[in-house]
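Remarks on the structure that follows.
The values are calculated or read from the model by the stated rules, or taken from the named source; none is laboratory data. Remember, it's a predicted structure, so these values are computed and weren't measured experimentally. All Cβ positions, glycine included, derive from the backbone under ideal geometry; neighbour counts span all protein chains shown.
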Amino acid sequence: MIDKINALKDQIAALAASNADEVEALRIKYLSKKGEIPSLFNDFRNVAPEDKRQVGQALNELKTLASEKINQLREALENSDAGEGQLDLTRPASPVRLGTRHPLSLVREEIIDIFRRLGFTIAEGPEVEDDWHVFSSLNFAADHPARDMQDTFFVNRMPDVLLRTHTSSVQSRVMENSRPPIRIICPGRVYRNEAISARAHCFFHQVEALYVDRNVSFADLRQTLLYFAREMFGPDTQIRLRPSYFPFTEPSAEMDISCNLCGGKGCSFCKGTGWVEILGCGMVDPNVLEACGIDPNEYTGFALGMGVERITNLKYQVKDLRMFSENDVRFLEEFESAH
Ligand code: DAH
């Protein structure tokens, strides 16, 4: 009997089938009630008692081997496209998962696109900067609080190497290296030494714009801002400029837009005022032009800077800044159809 079992084992190990009917035929031949293996089990009662242990074990092994082999053959056929000797075109396709653009990238591209239509070109600068380009050339006083370690990440002191706190540093780099007319837009990441919360982060993104030429006026700035606001937030958007202060612009202003959630009527988002602040701007301070080698008697310019997170919050009402850097796909996938 042992010989018979071993011969069957060899036979079964070598089985092959080219379609489901053949697999079924093999199953019937070996495993069905009257199949070869169950009939061996029937013969088992005639085995001499001293051989029962060895034969029983071999029989069980044979049975496991046979059912595994039949399953294997069946699975191999199901997984191959040649299941019934032909392609099954009704089988569902494997889904292709498309990635999504990050909301900050979407908004940054939209801002750049609007300024590109006005003739601005992209300029970039390093994130690891020096004191001159981030502060001194931009007319920051020696004791300005932004120069403090509390606000700025320093990589080194004396000479100062630091992470830029704003993209205005790209302004001074471009002005040093080119002559007017200058019309640039500078997108980039900036860093500040802030505790991370829903409303503040130690890094975020800004877009800066700079226009320097003969006879650039505040009216040019205002018209550019109005065009930007209406392209970005819709044709009914109103803007208002409030006097402000930045070391590198004189005069300086902050721009509000009519709240795009309530249309200016007043809601919880705009704290009932109907207006929300979106950017800082002004006429480039003559000291800055001079520090960068541009004659302030011949040229004037305007500059503006905005936070990409801020604009994104306004467009998509993202309540917590941390969402932007957590890479939670459930959040990111919400922007799938945004563009
Ligand atoms: N650099 C400013 C900031 O980080 C933003 C800014 C304000 C940029 C006014 C400008 C500007 O170019 O004119 O908050």
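Restricted to region 282-315, and to residues that are farther than 23 Å from VAL134 by Cβ and part of a helix (DSSP H, G or I), which residue is farthest from the ligand (Cβ to nearest atom)? Once the filter is applied, the top-ranked residue is LYS315.
For the subset of region 242-281 comprising residues that are out of contact with any Phe, Trp or Tyr (no Cβ under 8 Å at 6 or more places or on another chain), hydrophobic (A, V, I, L, M, F, W, C) and over 22 Å from THR167 (Cα atoms), which member is nearest to the ligand (Cβ to nearest atom)? This residue is TRP275.
I'd like the full set of residues that are in a helix (DSSP H, G or I) and either aromatic (Phe, Trp, Tyr) or surrounded by 16 or more Cβ atoms within 10 Å (Cβ to Cβ) (or both), limited to region 32-56. The answer is GLU36, ILE37, LEU40, PHE41, PHE44, VAL55. Check whether at least one residue in region 255-267 is surrounded by fewer than 19 Cβ atoms within 10 Å (Cβ to Cβ), farther than 27 Å from PHE203 by Cα, touching a residue at least 12 places away in the same chain (Cβ under 8 Å) and in contact with a strand residue (DSSP E or B) (Cβ under 6 Å, 6 or more places away or on another chain), and report yes or no. Yes - at least one qualifying residue is present in region 255-267.
Given the options ALA7, ALA58, ALA48, ALA76, name the one that is among the hydrophobic types (A, V, I, L, M, F, W, C), within 56 Å of the chain's Cα centre (by Cα) and farther than 30 Å from LEU332 by Cβ. Spell out the reasoning first.
Details: ALA7 fails: within 56 Å of the chain's Cα centre (by Cα); ALA58 fails: within 56 Å of the chain's Cα centre (by Cα); ALA48 fails: within 56 Å of the chain's Cα centre (by Cα).
It is ALA76.
This table checks each residue for (1) farther than 16 Å from SER172 by Cβ; (2) loosely packed, with under 15 Cβ neighbours inside 10 Å.
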| position | (1), (2) |
| --- | --- |
| ASN287 | no, no |
| MET306 | yes, no |
| GLU309 | yes, no |
| ARG330 | yes, yes |
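Only one of the listed residues (ALA291, ALA200, ALA219) is of a type in the set (A, V, I, L, M, F, W, C) and either within 24 Å of LEU321 (Cβ to Cβ) or under 33 Å from the mean Cα position of the chain (by Cα) (or both). That residue is ALA200. Please indicate, with yes or no, whether at least one residue in region 316-327 is in a helix (DSSP H, G or I), without any contact (Cβ under 8 Å) to a residue 24 or more places away in the chain, closer than 24 Å to SER105 by Cβ and of a type in the set (A, V, I, L, M). Within region 316-327, one or more residues are in a helix (DSSP H, G or I), without any contact (Cβ under 8 Å) to a residue 24 or more places away in the chain, closer than 24 Å to SER105 by Cβ and of a type in the set (A, V, I, L, M). Within the bounds of region 212-220, is there any residue that is surrounded by 12 or more Cβ atoms within 10 Å (Cβ to Cβ), under 21 Å from ILE278 (Cβ atoms), free of Cβ contacts under 8 Å to residues at least 12 places away in the same chain and in contact with a strand residue (DSSP E or B) (Cβ under 9 Å, 6 or more places away or on another chain)? So far as region 212-220 goes, no, none of its residues is surrounded by 12 or more Cβ atoms within 10 Å (Cβ to Cβ), under 21 Å from ILE278 (Cβ atoms), free of Cβ contacts under 8 Å to residues at least 12 places away in the same chain and in contact with a strand residue (DSSP E or B) (Cβ under 9 Å, 6 or more places away or on another chain). Scanning region 156-172 for residues that are touching a residue at least 60 places away in the same chain (Cβ under 8 Å) and under 12 Å from PHE135 (Cβ atoms) returns HIS166, SER168, SER172. Taking the criterion of being modelled with pLDDT of 95 or more, in contact with a strand residue (DSSP E or B) (Cβ under 8 Å, 6 or more places away or on another chain) and among the polar types (S, T, N, Q), would at least one residue in region 112-124 satisfy it? There is at least one residue in region 112-124 that is modelled with pLDDT of 95 or more, in contact with a strand residue (DSSP E or B) (Cβ under 8 Å, 6 or more places away or on another chain) and among the polar types (S, T, N, Q).
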